[in-house]
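Quick notes on the structure that follows.
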């Protein structure tokens, strides 16, 4: 039987106090990490220069370039558009079948975030490719710059006229939109791993397998997001440092606080059994799920790191990052 979550006794106890301290402290630490590494503690005039010196530095073309010069950015654009259409179709179908109540779950929060990511990624890829081609055309007309064709090696005869990667990057620092894009990418990496791992390793085998059978929508919601995001990670040239785990922690923390506020206002069942604060094991559940953020984010970061190492060694002339 579900406990009444609107009564004061449900919240005014040691279980909620420990969980609240755990959630608030991790969110505070996450905010401090963001403040430190993103350069927000620097004066506005010096922030762009400071960002180039930190692990959080970013350049405009990282949002649309591929990891290898031999892979044309149009392929990445096509992949992103297909992923966006498929995921948008799935989330719309999920709403049509089960209503907007699906957003009661962290799974749908994350799936929607990944869908939004691919929509934004598609627009940035399209804008970046068009901007690059326009710039190349204008420079060729002036005779001041001859750029290599996207996806092909540079002609040695044009080497003296071509901008180096360092020179190109120095003129193309990322704007706010690309920074937001990178943040969403990093949040998606951890959130997708957490969602799918908890469902397939904890919820389905031990808690929910007896309550319902798997169907196409349930399997899709807990697999398609990971498949598409993994393909994206293998194709793009975006970096994945470890400190942005802070954004992932904030994302989960906001979901938990949203659930608490919802249950204070209305007595209702919890979307996940381990969120129920009536159990004496609630602090351990919160601690365990919280600690899972580290390996879930770390696994995604490790995959990208391995990709970078393998490609840089196998294709030293084509690899770009």
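No value in this document is a laboratory result; all are computed from the given coordinates. All values derive from a computational prediction rather than experimental measurement. Cβ coordinates were reconstructed from backbone atoms using ideal geometry, including for glycine residues, and neighbour counts include every protein chain displayed.
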>> Starting from 0.36 nm per residue, how many nanometres of slack lie between residue 261 and residue 242 once their C-alpha separation is accounted for?
In response: 3.8 nm
>> Per 0.36 nm of contour for each residue apart, how much would the distance between residue 312 and residue 215 grow if the chain were fully extended, relative to their Cα-Cα spacing?
In response: 30.8 nm
> Each label point is 7 Å from the Cα along the Cα-to-Cβ direction; what then is the distance between the points at residue 9 and residue 32, in nm?
Replying inline: 3.8
